[in-house]
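See structure below.
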Amino acid sequence: MKALLVSPQLPVSFWNFQSVLKIINKKAVYIPLGLITAAALMPPDWELKLVDLNAQPLSDDQLRWADLVFAGAMIVQKESMRALIDRAHRLDRKVIVGGPLFHHGVEKEFSDVDHRVLNEAEITLPRFIRDLESGAPERIYQSGKKCDIHTSPIPRWDLLDTRLYASMSVQFSRGCPYRCEFCDIPILQGRRFRSKTPEQVLRELTALLATGWRGRIFVADDNFIGDRARVKAILRRIAAWQTHRGHPFVFNTEASIDLAGDGELMRLMNEAGFKGVFIGLETPDKDTLRQCGKDQNCRVNLLESVRTIQGHGLEVSGGFIVGFDSDKEDIFDRQIQFIQKSGIMTAMIGILYALPGTPLYRRLKKEGRLLEASCTGSNTDGQITFVPTMGVRNLINGYRKVLNHIYSPDGYHERILRFLQYYRPVRRRPLRKGDIAALFRSVLYVGILNRGDGKRFYWRAVYQALFCRQRCFAEIMESAVFAHHFQSQTDQINGRFMDEPLMRA
């Protein structure tokens, strides 16, 4: 069997860092980890090829070569997935799909899909392959059970051209114990924390190292610290592995704010090579946090917790949301104040999004407040999926106000200075192959060719990096490049609503 694995394209957004990729000479930020994990579950006598539309084009000859086309997608990849299916069907190729997109009420839009292999591939994909080889595959494969990820295979790194990517991805665990009203992780992955063994993790890292990869790895866990005892055991083993091999990898991951209360855990993360963590902070309003089920954020001082994590040498990226029912008129100013005081340079602020299947979606549907808009899956593009209590106009105007402040050159530079006030790196981030070339490209594209105030900000950051905090040189220069990306995305959002009739109402 010849199987072509295709990853649909992601739209341009805050999350895929298109402006940054040009400077670092890469095609995509993250790899299609789900697809290369599924590939490892396929029979060894199958011939496999992978095309990631975020990094390379797909030709008709490649589609004609395949007996079957496999594709997995998130909601934000819906349009690209639709185009891929249509194209494959025109060439008389069967398409097998999976991924979060197909758990979100898209049955009518994708009724022509040949086969759906849903839930966790470790359970459902072998069943599909068995039926396929016996000549009687079903249309839909699904399972209400969660797999034992001790049986999860090493991803097929060999299918990737790693030179195209800014980062690799691995997964140590699945599941999150919390119940945030707007989150679909408990539905897709469950609330029980399931982790791989330390031996599994090291085998995956060793296999990735054998490809020649050195540099960034994103640990794509739902909540990396869901079971601290098991995570600490894994971190100790990774730290020893890294030391023995000269620290080839730098890790980032996602975690909850209670990380700040465990000094040993943060120390072990540093020793293992972790440099950053994304945290869902959402809002500084505690009443809102309680109402949306974000109880873990209510039990701590959010600002002090962020500073504690930064003080342990971990850069904090933050997720923020506006549009909650309990948001008052001053929430936009409060969000700005919190973000600026926190020194969080990568502050991903979006409008509350009603993902199908979540408790939020069910509640809003019961209240008759859902809007019949196409679900893009992105909460940072200004899309409104429900009728907000503050009114659509106020919400969009407030959202733009926050973006325009935090990603203005002066607002961003203020956060860099605040970040440097609290950040205590454990070791200087090493320069790797390509870093010097990327630095010179940033000088050209951001420091010289860039128009407007962004150029002035860039050279202020260069001054800080060279003369004030040389130990944080890599972090400061990276933030200067990311600022260029965030400002360009903010300009696009502003342009999208500039002539919107709603804004003049």
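The values are calculated or read from the model by the stated rules, or taken from the named source; none is laboratory data. No experiment lies behind these values; they were computed from the predicted model shown. Positions of Cβ are backbone-derived with ideal geometry, glycine not excepted, and every protein chain shown enters the neighbour counts.
Screening Ile185 on (1) modelled with pLDDT of 95 or more; (2) among the aliphatic types (A, V, I, L, M); (3) surrounded by 14 or more Cβ atoms within 10 Å (Cβ to Cβ) shows it passes everything except condition (1). Within segment 195-213, if we keep just the residues that are among the charged types (D, E, K, R) and surrounded by 16 or more Cβ atoms within 10 Å (Cβ to Cβ), the residue that is nearest to Ala40 (Cα to Cα) turns out to be Glu204.
Would segment 243-258 turn up any residue that is assigned to a helix (DSSP H, G or I), touching an Asp or Glu at 6+ places or on another chain (Cβ under 8 Å) and either in contact (Cβ under 8 Å) with a residue 24 or more places away in the chain or within 30 Å of Asp295 (Cα to Cα) (or both)? No; the residues of segment 243-258 include none that is assigned to a helix (DSSP H, G or I), touching an Asp or Glu at 6+ places or on another chain (Cβ under 8 Å) and either in contact (Cβ under 8 Å) with a residue 24 or more places away in the chain or within 30 Å of Asp295 (Cα to Cα) (or both). Scanning segment 142-176 for residues that are surrounded by fewer than 18 Cβ atoms within 10 Å (Cβ to Cβ) and among the β-branched types (Val, Ile, Thr), we see that the one that is farthest from Leu48 (Cα to Cα) is Thr151.
Kindly evaluate Arg236 against the criterion of being on the phi < 0 side of the Ramachandran plot, among the basic types (Lys, Arg) and in a helix (DSSP H, G or I). It would help to see each step written out before you state the result.
Details: on the phi < 0 side of the Ramachandran plot: yes; among the basic types (Lys, Arg): yes; in a helix (DSSP H, G or I): yes.
Answer is yes for this residue.
Checked against the criterion of being at pLDDT 95 or above and either surrounded by fewer than 20 Cβ atoms within 10 Å (Cβ to Cβ) or farther than 26 Å from Leu48 by Cα (or both), the candidates Arg179, Arg139, Arg192 yield just one match: Arg139.
Here the condition is being within 20 Å of the chain's Cα centre (by Cα) and crowded, with 18+ Cβ neighbours inside 10 Å; of Leu314, Leu265, it holds for Leu314 alone.
For segment 214-234, the candidate set comprises residues that are within 18 Å of the chain's Cα centre (by Cα) and of a type in the set (Val, Ile, Thr); within that set, the residue that is surrounded by the fewest Cβ atoms within 10 Å (Cβ to Cβ) is Val219. Of all residues assigned to segment 102-125, at least one qualifies as being touching a Ser or Thr at 6+ places or on another chain (Cβ under 9 Å) and on the phi > 0 side of the Ramachandran plot. Annotation note: of Ile384, Ile321, Ile349, the sole residue that is more than 30 Å from Val426 (Cβ to Cβ), assigned by TED's automatic domain parsing to the domain that holds Ser256 and in a strand (DSSP E or B) is Ile321.
Every condition in (1) more than 27 Å from Ser111 (Cβ to Cβ); (2) in contact with a Pro (Cβ under 6 Å, 6 or more places away or on another chain); (3) among the hydroxyl-bearing types (Ser, Thr, Tyr) holds for Tyr30 except the one numbered (2).
For segment 453-483, a tally of residues being of a type outside the set (A, V, I, L, M, F, W, C), surrounded by fewer than 21 Cβ atoms within 10 Å (Cβ to Cβ) and either at pLDDT 75 or above or out of contact with any helix residue (DSSP H, G or I) (no Cβ under 8 Å at 6 or more places or on another chain) (or both) returns 3. Residues in segment 408-419: is at least one within 21 Å of the chain's Cα centre (by Cα), touching a residue at least 12 places away in the same chain (Cβ under 8 Å) and either crowded, with 22+ Cβ neighbours inside 10 Å or assigned by TED's automatic domain parsing to the domain that holds Arg179 (or both)? No, segment 408-419 contains no residue that is within 21 Å of the chain's Cα centre (by Cα), touching a residue at least 12 places away in the same chain (Cβ under 8 Å) and either crowded, with 22+ Cβ neighbours inside 10 Å or assigned by TED's automatic domain parsing to the domain that holds Arg179 (or both). Go through the residues of segment 214-224 one by one and say whether even a single one is among the acidic types (Asp, Glu) and touching a residue at least 40 places away in the same chain (Cβ under 8 Å). Yes, the conditions are met somewhere in segment 214-224. Take Lys341 and tell me if it is closer than 24 Å to Lys401 by Cβ, in a helix (DSSP H, G or I) and at pLDDT 85 or above. Considered against the rule, which asks whether it is closer than 24 Å to Lys401 by Cβ, in a helix (DSSP H, G or I) and at pLDDT 85 or above, Lys341 comes out as yes.
Where in segment 27-134 are the helices (runs of 4 or more DSSP H), entirely inside, with at least 1 residues that are within 22 Å of the chain's Cα centre (by Cα) and crowded, with 22+ Cβ neighbours inside 10 Å?
Hits in segment 27-134: 33-39, 78-90, 121-134.
Quick one: would you say Arg237 is buried (at least 18 other Cβ atoms within 10 Å of the Cβ) and more than 21 Å from the chain's Cα centre (by Cα)? Criteria not met by Arg237.
Within the set Ile85, Ile129, Ile75, the sole residue that is in the same structural domain as Lys27 (by TED's automatic domain parsing), closer than 23 Å to Leu355 by Cβ and modelled with pLDDT of 95 or more turns out to be Ile85. In the set Thr346, Thr288, Thr308, Thr283, only one residue is closer than 19 Å to Asn223 by Cα and over 22 Å from the mean Cα position of the chain (by Cα); that residue is Thr308.
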